[in-house]
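Chemist: Structure in structure tokens, see below.
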Amino acid sequence: MIMGPEDICPVCKWVNTPTFWVPKQEKYMCAECMRLYNPPYMTLIKFLQGSYHALWNLEVGVYENFKKVEDIEGCGWFIRSKQETLYRRMPRVYAMVYHLEYFGHIKCGRCVDYPYFSSDDVCLPTLCEKVALPHKKRSEIQYPPERSRYTKWMKM
């Protein structure tokens, strides 16, 4: 994160705002524009078979406390896309994958490692306490325990 030489955002033309260098767009942006063009994200997986129908947070590696994705939409999280996918061929296991993005104005407690919030107010209800962790690197992402269970079934 590199601070900009100017105090004017070239995207929204705000004056006296600190700007940050964005390598993907190759320009400077203020925190508000950074949240608009690069919002915090989250990926949730829900298996459609089996006895445990909880949502697995892929970036953090834990189960969520809520059962439906719609429960978190009131906080400022937006379902960007959802996709039903075949998770395993034998036995057939289907999963619903939800990709969410955050467009709220208050700093979400789930976005621990996201630097582009302008206020210091943090929203962290008891529902989100156990998932208030930094995102893991792609090589460290832990998949739900169901994955190993279905792998064992396939080997039988």
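Chemist: Looking only at segment 59-94, which residues are in contact with a helix residue (DSSP H, G or I) (Cβ under 7 Å, 6 or more places away or on another chain), in a loop (DSSP other than H, G, I, E, B) and not polar (S, T, N, Q)?
Modeler: Residues satisfying the conditions are VAL60, GLU64, PHE66, MET90, PRO91.
Chemist: Separate question: Going by the structure shown, is GLY74 touching a residue at least 60 places away in the same chain (Cβ under 8 Å) and small (Gly, Ala, Ser)?
Modeler: For GLY74, the condition - touching a residue at least 60 places away in the same chain (Cβ under 8 Å) and small (Gly, Ala, Ser) - is not met.
Chemist: Of all residues in segment 95-122, how many are farther than 23 Å from PRO18 by Cβ and over 15 Å from the mean Cα position of the chain (by Cα)?
Modeler: 2
Chemist: What is the residue count in segment 28-68 for residues that are under 15 Å from the mean Cα position of the chain (by Cα) and closer than 15 Å to PHE103 by Cβ?
Modeler: Count: 8.
Chemist: Could you look through segment 23-46, keep only residues that are modelled with pLDDT of 85 or more, not basic (Lys, Arg) and not in a loop (DSSP other than H, G, I, E, B), and pick out the one that is farthest from PRO91 (Cα to Cα)?
Modeler: TYR41
Chemist: Right, here's the next one. Is there any pair linking a residue in segment 52-67 that is without any contact (Cβ under 8 Å) to a residue 60 or more places away in the chain to one that is outside any loop (DSSP other than H, G, I, E, B), with Cβ under 6 Å and at least six apart or on different chains, and which?
Modeler: Within 6 Å, the pairs are ALA54/TYR63; LEU55/LEU44; LEU55/LYS46.
The values are calculated or read from the model by the stated rules, or taken from the named source; none is laboratory data. This structure is a prediction, so every number in the text was calculated from the model and none was measured. Please note: Cβ atoms are built from the backbone with ideal geometry, for glycine as well, and neighbour counts cover all protein chains shown.
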